[in-house]
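Data first, discussion second: the structure below is written as structure tokens.
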Amino acid sequence: MSRRILFFFGPPASGKGTQAEKLAEQLGLPAISTGDLLRRNNQLAGEYKAAMNEGQLVADEVINDLLVNRLNQADAQKGFILDGYPRTKTQFEYFYNNIIKPEDKACAIEISVSEPEVYNRLAGRRFCPQCGAGYHLIYKPSQQLGLCDKCQTPLEQRPDDTEEIIKERLGLYQRTMGPLVALWWQMGELVIIKGEKEIEQVNNDILESLEEDGFLKLKPEII
Ligand code: AP5
């Protein structure tokens, strides 16, 4: 069976998670964020807390294992949307050597945003520690202030959303993603979307690009 695979990547706060969640509902595919998988796994969240809180990457083998376990679940068999993976050349090679099959259709979507916008967004970001849903105090407020719309859990601020750590995460992103972007470009699987627009507009732009690319026509029965 041919699977549809979308990769979302971009600097911190570019809207990868927000757009991956929307696409997941629209395409009937699961959105899988390696950051969320780590945060919601008590053992790994404890073990790699320091690396995550300091904006450093977690070891490739840990991330690859975590991803493979998640992809084995029933909801990921028709395809999936990856948010924040791969982030290193080792992860990229692991995925293309071990997970992707020749019949799969893949597309990598880069969401581009400027540095000032990254700081602006992360100051207002809140997330649900129970179900992982993401919010923003101004751009995507929850219905009841401070509570998750889906499970009513009190919302929290991420410990890595401080100015110092955001700078670290941005620098790391710029150093590590360049080679991967070049590889996706060579493979003809790269789409670049401008992320500094309303959330709905960014979503429309992504859907239009996927339509043009023929990605949405592949499996019309699950759209
Ligand atoms: P991860 O959770 O992936 O963090 P990140 O890459 O820094 O990305 P963010 O989650 O901060 O941003 P986003 O682009 O998803 O933005 P969002 O949609 O939330 O990773 C965290 C850590 O885990 C890493 O530092 C590392 O330690 C580890 N890790 C994870 N994956 C790994 C891997 N593969 N390898 C190794 N280590 C790994 O939006 C941000 C805010 O802006 C929200 O409040 C949102 O509501 C708002 N917003 C979104 N879109 C818009 C818009 N268009 N207009 C206005 N506001 C918007």
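General observations
To keep it simple, each residue is scored yes or no on (1) of a type in the set (Lys, Arg); (2) away from the ligand (no atom under 13 Å from the Cβ).
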position: Pro11; (1), (2): no, no
position: Lys16; (1), (2): yes, no
position: Leu27; (1), (2): no, yes
position: Leu37; (1), (2): no, no
position: Gly46; (1), (2): no, yes
position: Asn64; (1), (2): no, no
position: Ile81; (1), (2): no, no
position: Phe92; (1), (2): no, no
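- Residue within the stretch 148-160 that is at pLDDT 95 or above, surrounded by fewer than 17 Cβ atoms within 10 Å (Cβ to Cβ) and assigned to a strand (DSSP E or B) present: yes
- Residue satisfying all of: in the stretch 25-40; at pLDDT 90 or above and surrounded by fewer than 18 Cβ atoms within 10 Å (Cβ to Cβ); farthest from Val62 (Cα to Cα) among these: Gln26
- Complete set of residues in the stretch 1-55 that are basic (Lys, Arg) and more than 22 Å from Thr162 (Cβ to Cβ): Arg3, Arg4, Lys22
- Subset of the stretch 10-22 (residues that are surrounded by 20 or more Cβ atoms within 10 Å (Cβ to Cβ) and in contact with a helix residue (DSSP H, G or I) (Cβ under 7 Å, 6 or more places away or on another chain)): Gly10, Pro11, Pro12, Ala13, Gly15, Thr18, Gln19
- Among the residues making up the stretch 101-111, none is surrounded by fewer than 18 Cβ atoms within 10 Å (Cβ to Cβ) and within 16 Å of the ligand (Cβ to nearest atom).
- Scanning the stretch 114-131 for residues that are more than 8 Å from the ligand (Cβ to nearest atom), in contact (Cβ under 8 Å) with a residue 24 or more places away in the chain and among the hydrophobic types (A, V, I, L, M, F, W, C), we see that the one that is nearest to Glu156 (Cα to Cα) is Cys128.
The values are calculated or read from the model by the stated rules, or taken from the named source; none is laboratory data. Keep in mind that this is a model prediction, so the values were computed, not measured. Note that we place each Cβ from the backbone using ideal geometry, even for glycine, and neighbour counts take in every protein chain shown.
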